[in-house]
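Take a look at the structure below.
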Amino acid sequence: MIALRLRALADRAVTIELADQAGTEAAARVAAVGDAVAAAVAAGQLPGVRDVAGAFASVTVHYDCIETSQKQLVEALKALIAPLEPQTATTGRVWSLPCAYAGTHGPDLPELSAALGLDTAAIIERHSAVTYTVLALGFLPGLPFLGDLPADLARPRRSAPRARVPAGSVAIANRLCVIYPWDSPGGWHLVGRCPVPLFEIGRDQPALLAVGDRLRFRPVTDAELNDISRDLARGARSPETFLAT
Amino acid sequence: MAALHVLRPGARTLVQDMGFATGRGLGVPLCGVLDPETLLLLNALLDNPPGAAALELAMTAPVLQAVGGAVRIALGPGLAGRIRAETGEMRPIGPWQETTLAPRAVLELDRPERGAPALIGIGGGLDLPRILGSRSTCLAAGFGGLEGRALRAGDLLPVPDDATGAAGGRTLPPPPPLEGPIRVVPGPQDDSFGRAGLSRFLAAEWTLSPALDRMGARLAGPKLDFAPGRGADILSDGITPGAIQVPGNGQPIVLLADAQTTGGYAKIATVIRADLPRLARMMPGDTLCLAAVTVPEAEAAARARAADLRRAAATRRALMQDRVDEDALWRAALEGGMVDMTRPDHFPGALDDG
């Protein structure tokens, strides 16, 4: 594999660009490079590297310039990447996550309906018919970026971001879908609510989802959403029970 | 076990250390102190491991009482106040001075200079659980530190036992502050702005706007334009503290410790490691100028500054606490090691009564 570009974040990090657009192909390249760099760090082959994180089409390697120089690091990274192939094997898990679309859970559905020329039911049907791939985790702890949203649901981000998007919001923009694990500012269109906690710091793997996992949204009623929320809150149900069988 | 009892919490007092170094792959921001230089020096002064947790405050200081034992502390720059013993006796305390809070003694600090973020180091650090290798507070997701939140009145901060035996009374001359323009390396997306945009960015004087928090410092100045055919939006990629993103309004934001892990705005430049701590100590209304350097120049500056800090940490001076006027001591320490405090005749006026 060849890096398209290397971009320096001063003396702190290097971003390796592996594709020009987001999607499953880019994610396969990111996964291959991210895993290889992490393995090399674990094996002590990349001294000074502190952290490795993948985005849609790039991997950012954070380093300590007291222990290495960017020049040395970049040479080592290029050599490491050259023999790699994109990670095509779909080893991830498959999830079926409940999503309540009605009323207050999807406040942007009416506006989307007008902009897309689709009625609300058609938007929900299309949104829940897709098997998404987790393309990246980022922005907030455990937040999954899901692709690819069907082209006929694609809209640019809202021009005026909300100051507060409630935790659990399922939101779309362009060809992507996210689930907000935390209350946060946000500029995406809110279409529904998913009650499953995506990040619990006490777990061995705090993030529920991993890059490469696939998931579908299962439309649920308000009553069902309440039942599921209650069972999750009192520990009667674990998030793993939403793995598709 | 000794603890610090929070009598008053201060406006925003957080447990922080060097941050969650390995969480970005999960979307966990670095967090940690805004000023890692001061944390390193306070920990050296207190004989702590370099990354021991401290309290970072902003705007107003907490009022803390030692309970269940003695607690050693040291203050970073911008902080001063008094220690009130259980007997009611008061003694002054200033920055860069290790001292011991006897059991029941209360630390009462003045408002930090200009309200800027400041640090209280604690002997032995804090005995709180480590998450992802860190005791930092992640406010965005409510974990780490003390229950993932800012301190509240009534909180008890457990201090490890090994902190309670030392005598206290040492001081540390901080290295001279770095001055001049804040140095940046152009990129990672300086190509989104073209040569003209980058020149304008580097030539301008920028003012810190009131919207300043642990996530970012917004800069006000001339509107930056994007190169023809380019805009603010990029395919989201990795971020580090110091990266300067420019949203569609053309006004840059320097990302700080709590910044999100990825971002979708073009980043015109990145502040070098050596200069970020002093930027993180600035307040709204302060102005700054920028200068472009290369990556090797940035790395050389980081190594030089690290050597300064190591030297400062190594020159901390032992002083017999009961033989000195601590007020004179901290005023001397403030002067940045201009006097040799191991020699009585070089120390301003307080050793005659020993």
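The values are calculated or read from the model by the stated rules, or taken from the named source; none is laboratory data. Since the structure is predicted, the reported quantities are computational estimates derived from the model, not experimental observations. Every residue, glycine as well, gets a Cβ built from its backbone with ideal geometry; the counts of neighbours run over all protein chains shown.
Inclusion of A:A43 among residues that are at pLDDT below 95 and over 16 Å from B:T240 (Cβ atoms) is not warranted. Scanning region B:240-256 for residues that are within 11 Å of another protein chain (Cβ to nearest Cβ) and modelled with pLDDT under 95 turns up B:P247, B:G248. Scanning region B:227-278 for residues that are more than 23 Å from the chain's Cα centre (by Cα), aliphatic (A, V, I, L, M) and more than 16 Å from B:V293 (Cβ to Cβ) gives B:A227, B:A232, B:I234, B:L235, B:V246, B:A266. The set of residues in region A:5-38 being touching a residue at least 24 places away in the same chain (Cβ under 8 Å), assigned to a helix (DSSP H, G or I) and facing chain B (nearest Cβ under 10 Å) consists of A:A26, A:G34.
Here B:A21 qualifies as surrounded by fewer than 24 Cβ atoms within 10 Å (Cβ to Cβ) and either closer than 30 Å to A:P206 by Cα or free of Cβ contacts under 8 Å to residues at least 40 places away in the same chain (or both). Residue selection: B:G133 fails the criterion of being out of contact with any Leu (no Cβ under 6 Å at 6 or more places or on another chain) and away from chain A (no Cβ under 14 Å). Screening region B:219-239 for residues that are more than 14 Å from chain A (Cβ to nearest Cβ) and assigned to a strand (DSSP E or B) and picking the one that is nearest to B:L57 (Cα to Cα) gives B:L219.
Looking across region B:28-87, the residues that are of a type in the set (D, E) and within 16 Å of the chain's Cα centre (by Cα) come down to B:D35, B:E37, B:E56. How many residues does region B:285-307 hold that are of a type in the set (S, T, Y) and facing chain A (nearest Cβ under 7 Å)? Qualifying residue count for the region: 0.
Checking B:A211 against (1) loosely packed, with under 14 Cβ neighbours inside 10 Å; (2) within 14 Å of chain A (Cβ to nearest Cβ); (3) part of a loop (DSSP other than H, G, I, E, B), which single condition isn't satisfied? The single condition B:A211 does not satisfy is (3). Looking for whichever is outside the structural domain of A:R214 (by TED's automatic domain parsing), buried (at least 19 other Cβ atoms within 10 Å of the Cβ) and in contact with a helix residue (DSSP H, G or I) (Cβ under 8 Å, 6 or more places away or on another chain) here; the options are A:V37, A:V30. Which one fits? From the options A:V37, A:V30, the qualifying one is A:V37. Has region A:149-157 got any residue that is within 14 Å of another protein chain (Cβ to nearest Cβ), charged (D, E, K, R) and without any contact (Cβ under 8 Å) to a residue 40 or more places away in the chain? Yes, that holds for at least one residue.
Checking the stated criteria, A:G168 turns out to be touching a residue at least 24 places away in the same chain (Cβ under 8 Å), outside the structural domain of A:G34 (by TED's automatic domain parsing), buried (at least 20 other Cβ atoms within 10 Å of the Cβ) and within 18 Å of A:H189 (Cβ to Cβ). Annotation: of all residues in region A:53-105 being within 13 Å of chain B (Cβ to nearest Cβ) and without any contact (Cβ under 8 Å) to a residue 12 or more places away in the chain, the one that is surrounded by the most Cβ atoms within 10 Å (Cβ to Cβ) is A:S69. Restricting attention to region A:178-206 and to residues that are in a strand (DSSP E or B) and small (G, A, S), the residue that is farthest from B:D233 (Cα to Cα) turns out to be A:G192. Number of residues in region A:39-52 that are in contact (Cβ under 8 Å) with a residue 12 or more places away in the chain and within 7 Å of another protein chain (Cβ to nearest Cβ) equals 2. Against the conditions (1) in contact with a Ser or Thr (Cβ under 7 Å, 6 or more places away or on another chain); (2) closer than 19 Å to A:P197 by Cβ; (3) at pLDDT 95 or above, A:L97 satisfies every one except (1). When A:G192, A:G202, A:G168 are checked against the criterion of being at the interface with chain B (Cβ under 10 Å from one of its Cβ atoms) and either more than 18 Å from the chain's Cα centre (by Cα) or not acidic (D, E) (or both), a single residue qualifies: A:G202.
Selection of region A:119-148 for residues being away from chain B (no Cβ under 14 Å), at pLDDT 95 or above and either in contact with a Pro (Cβ under 6 Å, 6 or more places away or on another chain) or crowded, with 17+ Cβ neighbours inside 10 Å (or both) yields A:I123, A:I124, A:R126, A:H127, A:S128, A:V130, A:Y132.
Looking only at residues of region B:264-309 that are touching an Asp or Glu at 6+ places or on another chain (Cβ under 7 Å) and part of a loop (DSSP other than H, G, I, E, B), we find that the one that is surrounded by the most Cβ atoms within 10 Å (Cβ to Cβ) is B:I272.
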